[in-house]
Amino acid sequence: HLQPVSASAAAQQYPITHEKIESPRDTPYFLDNEFVCSKTSQWIDLHDPATNNLVTRVPQSTEEELKAAVESAKRAFPGWKATSIMARQQMMFKFVSLIRENWDRLAASITLEQGKTFADAKGDVLRGLQVAETACGITTQMTGEILEVAKDMETRSYREPLGVVAAICPFITPDFPAMIPLWSIPIATVTGNCLILKPSERDPGAAMILAELAKEAGFPPGVLNVVHGSAKTVDFILDEPAIKAVSFVGSNRAGEYIYARGSANGKRVQANLGAKNHAAVLPDCNKNHALNAIVGAAFGAAGQRCMALSTLVMVGEAEAWLPEIAERAKHLNVNGGFEEGADLGPVISPQSKERIEALIQSAEDEGATILLDGRGYKPEKYPNGNFIGPTIITNIKPHMKCYSEEIFGPVLVCLTAPTIDDAIDLINANPYGNGVAIFTSSGATAGRFQRDIEAGQVGINVPIPVPLPMFSFTGNKRSIAGGGRNYFYGKAGLEFYTQLKTVTSLWRSEDAVLRKASVNMPTPS
Ligand code: NAD
């Protein structure tokens, strides 16, 4: 071990700098409200993407540790389910205020482990915090229904928790290391479930801080446990009968497997997957707004967002604006995420950088034009980081590899279409359907686009239309597993973490007249 970890590891303070950490500490796991050092012999090194210096080591939790997390959650469940909804609501209020107090600390852990800029990381925390804030309204969200179905007879429905549930997060958790755990923690727990959280092995720091804050907010031991690891931990979660539901966010490769195996084992599974988000740009749009929105949404977080605007369809004369987009992108400041004025940081790992650069090369080899080439970019202070500058590729055809694959880096690929109908056909032919945007000043064109486009989240002059938590995150096609039944957060998220129970009761107001038992199916009338 790098250094023994004790409960005080909870108080880990992340430096607001990329300087080498002299004595990095191992990441503990979180069991029964304690931070515990894993007994594993398998550790996953986690490096600062800006420097590739070691930040921490993440354990591959052992079988015993994983079982202990399940046993702890099972023990906690009856008491937590019986805890009054008002008491759970109070804890959620406290949790929300603690997240606010620890906002910078959470953001610092994200910048250090995932690479995105500090300002962007603060936004990441905020979008998760809003889910927790919305969960504070649980007292009006959990109500059931009641109907008098016959004389003296009524049926009531109750929403009950499922029991032990689990959440598996992406590094994009490095995409959103705070937001995505916060898609699950507040809703799963406030509804009375006990949650086992597996953050990404590539950036678990924010999740560990959230666990510490949950304890401080009053969550009883076992209501939230955090385990670590990669595929082995995921398989354990998928096969463990006590776990009733699994939330997953990540790639199609992992997610389609998780959905299939989890569902085959009788679990509820919600799984948000990969994306290729298009924007149709019409020549009648507000050009300045559109170009700024596109550059921000394509390159922010170095393109490592599931809702990054990675694909442009320039309609008609809008094609002529491509050099101007490149000009604006050229001025973005690519630097360590803690540096003042940094617009985008590095990508998550050297392997990721290599994969993205190979995709750019494949476009060149297939005949596309590299209008802006960010390969090989090295900020002066960070020669060892995984940096790629903004890259724009034009003359793209749908068969090209950089179009058919999700790039997940600071790369914008550009296609053209003669009319809006051609643009709609082209976008609809793409297998992904996460987010899409249109830039136009015509309400009629926007209306047609909104109606005919096959994507779950549509932005009209809005580049990243991620819905706020009173709605749900509504991917479509291959961007969500299972045909989009199990959305994250909003009403659908609450339904995912609860099951309905109906109770039908009869309290006779006068003596029954029947003296003989009826053997027919009761048909109250
Ligand atoms: P990933 O699929 O590699 O990892 C996600 C999780 O799955 C991690 O916890 C990881 O440990 C686990 N995992 C990885 N490989 C596995 C395997 N073979 N078997 C079992 N488990 C495995 O994804 P990532 O690289 O961390 O995240 C990037 C992806 O997430 C992108 O495709 C992005 O579009 C997607 N994403 C989607 C949304 C959305 O809401 N649609 C949001 C964020 C990220």
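The values are calculated or read from the model by the stated rules, or taken from the named source; none is laboratory data. For clarity, every value in this text was computed on a predicted model and none was experimentally measured. As a convention, Cβ positions derive from the backbone with ideal geometry for all residues, glycine included, and neighbour counts pool all protein chains shown. These area figures cover heavy atoms from the full protein model, side chains too; ligands, DNA and RNA do not enter into them. Shrake-Rupley method; radii C 1.70, N 1.55, O 1.52, S 1.80 Å.
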FRET efficiency, 1/(1 + (r/R0)^6) with R0 56 Å, evaluated for E380 and A264 via beta carbons:
0.60
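So how do Y497, Y14 rank on accessible area, 1.4 Å probe, biggest first, that is with the largest at the start?
Values: Y497 5, Y14 30 Å².
The ranking, largest first, comes out as Y14, Y497.
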Please list 158-169, 430-441, 195-206 highest first by mean number of surrounding beta-carbon atoms within 10 Å per residue.
195-206, 430-441, 158-169
Explain nothing, just the number: dipole magnitude of the chain about its Cα centre with +1 on each Lys and Arg Cβ and -1 on each Asp and Glu Cβ, in debye rounded to the nearest 20.
1480
Can you compute the modelled spin-label distance between R253 and F471, with each label point 7 Å from Cα toward Cβ, in nm?
3.2
Could you work out how far helix 63-82 tilts from the main Cα principal axis of the chain, as a 0 to 90 degree angle to the nearest 10?
50
Can you tell me how much longer the chain between R328 and S442 gets when fully stretched, taken as 0.36 nm per residue apart minus their C-alpha distance, in nm with one decimal?
38.5 nm
With the Cα gyration tensor of the chain giving a ≥ b ≥ c as the square roots of its eigenvalues, does the rule (a/c under 1.5 for rounded; else a/b larger than b/c for prolate; else oblate) give rounded, prolate or oblate?
oblate
Spin-label model distance (nm) - D45 vs A231, 7 Å beyond Cα toward Cβ:
2.2
Only loop residues by DSSP count here, and only those with at most 16 other Cβ atoms within 10 Å; note down the GluC sites (Glu not before Pro) in segment 429-525 that meet that.
E454, E510
Leaving out ligands, DNA and RNA, what percent of the accessible area of the chain is carbon and sulfur, probe 1.4 Å?
53
I'd like the orientation of helix 443-452 relative to the chain: the angle between its Cα long axis and the longest Cα principal axis, in ° from 0 to 90, rounded to 10.
60
Within the chain, percent of DSSP bridges classed antiparallel, to nearest 5
40
With each pseudo-label sitting 7 Å past Cα toward Cβ, what's the A119-K20 distance in nm, one decimal?
3.1
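Count the lysine pairs in segment 183-296 whose Cα atoms lie under 21 Å apart, taking only pairs 8 or more positions apart in sequence or on different chains.
7
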Protection proxy (average C-beta count within 10 Å per residue), highest first, orders 16-29, 109-122 as 109-122, 16-29
Charge context of F95, other residues only, Cβ under 12 angstrom, K/R +1, D/E -1
0
